[in-house]
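This report concerns only the one structure given below.
The values are calculated or read from the model by the stated rules, or taken from the named source; none is laboratory data. Values in this document were obtained by computation on a predicted structure and should not be read as measured data. Glycine also receives a Cβ, built like all others from the backbone with ideal geometry; neighbour counts cover every protein chain displayed. We work out accessible area using only protein heavy atoms, side chains counted, and drop any ligands, DNA or RNA first. Shrake-Rupley method; radii C 1.70, N 1.55, O 1.52, S 1.80 Å.
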Amino acid sequence: MAEGTAIGTDGGGRSVGRALLAAAVVVGVVLATGVAPAFGSVAGGAPLASLLPVVDPPADAGAGGASGSALSGGGLGALNAGSQVGVGGDLASNASAFQSLNDEVHFVVESPQPAYWRTNAYTTYTGTGWSSDGERRAYDPPVASGAGNAFSYRVTLRQAATSLPAVWTPRTLDTNTDLSVTPTDGVIAQSRLPAGTTYSGTSVRPPDDPGLLRSLGTDYPRGIESTYTQLPEESRDALTPLVNNITAGAETPYDAAKQVENWLESTKEYSLNVTDAPNGNVATQFAFQMETGYCEYFATTMAAMLRTQGIPARYVVGYSTGEQTGEDEYTVRAMNAHAWVEVYFPDVGWVRFDPTPASERLSQESQALRNQTGSGYETVTPTTQPPSDDTTTTPPDGTTTTDGTTTTTDGSGSGSDSGDGSGSDGAQSDGSGSDGSQAAGGLSVSLNRTPVPGAAVAVTVTAGGNPASGVDVFFNGERVGVTGADGTVVGVVPYARELTVRAKAETVTWQAVGASFESGFATGSASIPAAAANNSTTYAVATNASVSLLGRTVTGNPVTVVAAVDGVPVRDAAVFLNGERVATTNDSGRARVTLPAEPGNATVRVVRDPVNGSAAVRLERLSLSGEPSLPLALPGTAATVTATLNGTPVADVPVFLDGERVGVTGADGTLRVSLPVASSAAATAIAYGQERTLTFDGLFLHAGGVALGLLGVLGGAVYGLGRYGTSPRGLLAWVVGAAVAVARAAVNLVVALAGRAVAAVQRALAAVANTVRGRRSPRELAAAFAAWLAALREDAAARTRSVRGVFGSGDADGEAAEVSEAQRTLRDAWRDFLEATSVRRPARHTPGELATHAVERDDLPADAVREVRDAFRSVEYGRRDPDDRLPAVEDAMREIEAARRPDDGGEQ
């Protein structure tokens, strides 16, 4: 009982309880009246629990207020993600599914690779939670069409669900039910799907190459930028200074996202036991005040922090990978409910980032599973999150930095790391002097980043540690400009293997404060001789380009080629496809090319001397296979056509049958077709510039063989009937009579059920009214309801037995017309035995169960009971001769009669 809850003892409480019980009884009566007789089947009664309805929560359960989580800890996890979700909670409140360590299985996935199983994402941060603005739209595949290669998977629900787990944003989901799509591309079932439902899906993994993501820039669609950079003003004002500091030096949105992700992973600890849950703005409190949290806190805070930088980000819920329980099989439990972040990149779409420390989370899940089942597991981590490729740059002065800056001191003689593995012999200076002290009388040059072809680099010239203005700066002999008052000038790195930066001036003037120089000035302006006002430093330049293809790499498909070096686009470069020049990259380092129409290997190469890079792809061959629904393909029957690429099902492939389009393949790559009445049928699939045809041959031949086989069976039947004295006309008459009898019984049953239902509801309403008025206690009402159900079930069983009798020619007891005298005597003995027991309804039990009851409960002699039981089994079930067993049965019955207690009564 929750703290502070009192138990009511007044009469009003009793009235409410009676009313609730009465309502439940009415519902039960209506359902049982219509359902129970249908389940009083030949196989015996089903458990009562299977006849009662299970009431699920509403389809949008948990979509309410902002306090606590809409994904409650009640075992639903993220399978019923609402349009609003709160963030946070503690273990005492049991408010969040993301705190659950329950081993209850939510679903099982058959997938060729591990993944995060996404159910929904959210647009608007409220400070205490998230909401998804906008209306759902009708499901009309493809749901999304991002860049990347598609793969297929199959999900089997182990719990009822409305939010369907999928990999990333799915292209298609096949569920055989009505679906809708949320504004963030989550797929929702219009009505709750029960446990056991299986559906197929296809999804596309977005690229995760850091070089590619760095090169994509910030050309966001207007709707994306306005929606996914929204923040409450108090959150923006509080977080912006912190995030500015964390992302200082980040040149691209990708770098900023990785730095925020790393900051959260390294400065906050993972724990499900949040002792001080936020009572206000979750993101700001977690960033500044809290030391520990779980996935909700990490994901919410990262999304909010990125939004302060104008980077579109959103909060996502679903499940982590789960346990690999077989080849290509993953079992996902309640404890795997998870939250993460998606960041938007132009031309690619949404890319996953997970700031929650993984090792501690997985350790707790494994330990919890071990505690509950006796065995833990090792989680297979998906590889689709962009990998961390943080590198350090060694500037010529030997100092290692992590922000990509390279510093050169005149005359130091130390080298710099090229960044591409090529290395260099070090920075070379033409300034006078042989050590770092020369800086006091000469120039020092530093770059704000590793030089990359086409990159804008800020060159800072200092003298004596102070900015030097009016200095000419040259890149490989080409003048790029003159330093300003801050000693800085910006130039673009040329396409070359080395970059020589030269700083030159006749005399140099700088501002010095608190310093002593040869000229004697302690403060104010100073100058150095022309001989010292020169510096020349050479850096190795990275020339290995990363080349990526955006789009589906299949035959005949147009894709976007993206070339970059360390995130800097390779502009005006020649693009070659299998050795033939086909395009030139634009200012964004991109070009559009169409892949070859023939399957096989293809190589895309990008060259702008000395920069070059390539990407190789395998263009798979489209395959088409067919499987008839029957063992043989016959005219007018169904067949299933399956389209695959390298064994992977392909969705949305048009299929033609004898030249006429009959549909497209589903998410599992299959389409069910109806074979024509013809000697053969040709099924053709056309996709990605490839055409594949398979033929169902010999349809008439197969039909003829089946017909001959049926004729043979029919002839054998006629021969057998004639031999045993039964004519075909007699057999036909029996079949027709049986069919008519079954139809009559069905009609009578429907009429009887209708009348009984009306009468039962009337009686139930009267009983309910009496209970509410206090004339009848709730206990009496419940007992009457149970007795009524038992009687209803017994009556249904009796009706079923009467229907069975239609198929025989026996009497009312179901006995066959021709039964030997010995068999009648044995059956009479069995009836006498049943009367000697205390079992009220023996028809519900097997002979073995009845015998056990007679010995253990009624104290009848065991040997005599076994003799009667075995004789009855051998004659009725084994068709043995009753004459052999009759004498022993008669002796056994005399012994049973002698041992029978005179006060035996029936057991309820």
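Is it fair to say ARG756 is touching a helix residue (DSSP H, G or I) at 6+ places or on another chain (Cβ under 7 Å) and either modelled with pLDDT under 70 or at positive phi (or both)?
Details: touching a helix residue (DSSP H, G or I) at 6+ places or on another chain (Cβ under 7 Å): yes; either modelled with pLDDT under 70 or at positive phi (or both): yes.
When the stated conditions are applied, ARG756 passes them.
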Problem set entry | Total residues in segment 242-281, condition in a loop (DSSP other than H, G, I, E, B) and over 20 Å from VAL351 (Cα atoms) | 14
Exercise. Within segment 451-481, how many residues turn out to be open to solvent by 20 Å² or more (accessible area, probe 1.4 Å), outside any strand (DSSP E or B) and within 15 Å of TYR539 (Cα to Cα)?
Worked result: 2
For this session: Would you point out the residue of segment 684-711, among those that are open to solvent by less than 40 Å² (accessible area, probe 1.4 Å) and either in a strand (DSSP E or B) or in contact with a helix residue (DSSP H, G or I) (Cβ under 6 Å, 6 or more places away or on another chain) (or both), that is nearest to PRO635 (Cα to Cα)?
Result: PHE696
For this session: Return the residue satisfying two criteria in turn: it lies in segment 555-572 and is buried (at least 21 other Cβ atoms within 10 Å of the Cβ) and on the phi > 0 side of the Ramachandran plot, and of such residues it is nearest to the chain's Cα centre (by Cα).
Result: GLY567
Problem set entry | Odd one out for ARG831 among (1) in a loop (DSSP other than H, G, I, E, B); (2) modelled with pLDDT of 70 or more; (3) open to solvent by 60 Å² or more (accessible area, probe 1.4 Å) | (1)
For this session: Could you tell me whether GLY280 is open to solvent by 20 Å² or more (accessible area, probe 1.4 Å), small (Gly, Ala, Ser) and more than 27 Å from the chain's Cα centre (by Cα)?
Result: yes
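Is it fair to say THR198 is in contact with a Lys or Arg (Cβ under 8 Å, 6 or more places away or on another chain), within 30 Å of GLU135 (Cβ to Cβ) and assigned by the TED database to the domain that holds ALA166? Quick ask: steps written out before the conclusion?
Values: in contact with a Lys or Arg (Cβ under 8 Å, 6 or more places away or on another chain): yes; within 30 Å of GLU135 (Cβ to Cβ): yes; assigned by the TED database to the domain that holds ALA166: yes.
Yes.
Considering only segment 726-736, I want to know if a residue exists there that is assigned to a loop (DSSP other than H, G, I, E, B) and at pLDDT below 75. Spell out how you get there, then give the answer.
We begin by selecting, within segment 726-736, every residue assigned to a loop (DSSP other than H, G, I, E, B); these are 726-727.
Within this subset, residues satisfying the condition of being at pLDDT below 75 are 726-727.
There is at least one residue in segment 726-736 that is assigned to a loop (DSSP other than H, G, I, E, B) and at pLDDT below 75.
Report, by residue number, each residue of segment 158-171 that is surrounded by fewer than 23 Cβ atoms within 10 Å (Cβ to Cβ) and within 26 Å of ARG314 (Cβ to Cβ). Quick ask: steps written out before the conclusion?
Going residue by residue through segment 158-171, those that are surrounded by fewer than 23 Cβ atoms within 10 Å (Cβ to Cβ) are 158-160, 171.
Selection gives GLN159, ARG171.
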Exercise. Which condition breaks for ALA681 when tested against (1) of a type outside the set (Asp, Glu); (2) in contact with a helix residue (DSSP H, G or I) (Cβ under 8 Å, 6 or more places away or on another chain); (3) open to solvent by 20 Å² or more (accessible area, probe 1.4 Å)?
Worked result: (3)
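Would you point out which residue out of LEU634, LEU619 is in contact (Cβ under 8 Å) with a residue 60 or more places away in the chain and either within 29 Å of the chain's Cα centre (by Cα) or assigned by the TED database to the domain that holds GLU110 (or both)?
LEU619
Filter segment 841-871 for residues that are more than 53 Å from the chain's Cα centre (by Cα) and open to solvent by 30 Å² or more (accessible area, probe 1.4 Å) and give the result. So that I can check it myself, show each step before the final result.
To start, the set of residues in segment 841-871 that are more than 53 Å from the chain's Cα centre (by Cα) comprises 851, 854-871.
Listed by number, the residues that qualify are VAL855, GLU856, ARG857, ASP859, ALA862, ASP863, ARG866, GLU867, ARG869, ASP870.
Right, PRO207: under 18 Å from PRO312 (Cβ atoms) and open to solvent by less than 30 Å² (accessible area, probe 1.4 Å) or not?
yes
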For this session: Please verify whether segment 546-554 includes one or more residues that are open to solvent by 30 Å² or more (accessible area, probe 1.4 Å), modelled with pLDDT of 65 or more and not in a strand (DSSP E or B).
Result: yes
Seminar exercise, completed: Scanning segment 659-706 residue by residue, the ones that are farther than 27 Å from THR594 by Cβ and among the hydroxyl-bearing types (Ser, Thr, Tyr) total 5
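Being out of contact with any strand residue (DSSP E or B) (no Cβ under 8 Å at 6 or more places or on another chain) and not β-branched (Val, Ile, Thr) is the requirement here; does PRO599 meet it? Reasoning before the result, please.
Values: out of contact with any strand residue (DSSP E or B) (no Cβ under 8 Å at 6 or more places or on another chain): no; not β-branched (Val, Ile, Thr): yes.
Against the criterion (out of contact with any strand residue (DSSP E or B) (no Cβ under 8 Å at 6 or more places or on another chain) and not β-branched (Val, Ile, Thr)), PRO599 does not qualify.
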Problem set entry | Check on GLY484, modelled with pLDDT of 50 or more and open to solvent by less than 40 Å² (accessible area, probe 1.4 Å) | yes
Exercise. Got a sec? Which of ASN120, ASN80 is at pLDDT 55 or above, in a strand (DSSP E or B) and under 14 Å from VAL317 (Cβ atoms)?
Worked result: ASN120
Seminar exercise, completed: From the option list LEU645, LEU675, single residue qualifying as under 10 Å from SER623 (Cα atoms) and either open to solvent by less than 50 Å² (accessible area, probe 1.4 Å) or modelled with pLDDT of 90 or more (or both) is LEU645
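Could you count how many residues in segment 222-235 are touching a residue at least 40 places away in the same chain (Cβ under 8 Å) and open to solvent by 60 Å² or more (accessible area, probe 1.4 Å)?
2
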Exercise. Restricted to segment 573-595, and to residues that are open to solvent by 10 Å² or more (accessible area, probe 1.4 Å) and outside any strand (DSSP E or B), which residue is nearest to LEU622 (Cα to Cα)?
Worked result: ASN578
Problem set entry | Test for ARG608: is it among the basic types (Lys, Arg), in contact (Cβ under 8 Å) with a residue 40 or more places away in the chain and open to solvent by 50 Å² or more (accessible area, probe 1.4 Å) | yes
For this session: Check MET302 against each of (1) at pLDDT below 90; (2) assigned by the TED database to the domain that holds GLY127; (3) in contact with an Asp or Glu (Cβ under 9 Å, 6 or more places away or on another chain) and name the one condition it does not meet.
Result: (1)
Exercise. If you scan segment 834-879, which residues turn out to be closer than 22 Å to ALA899 by Cα and small (Gly, Ala, Ser)?
Worked result: ALA836, SER838, GLY848, ALA851, ALA854, ALA862, ALA864, ALA871
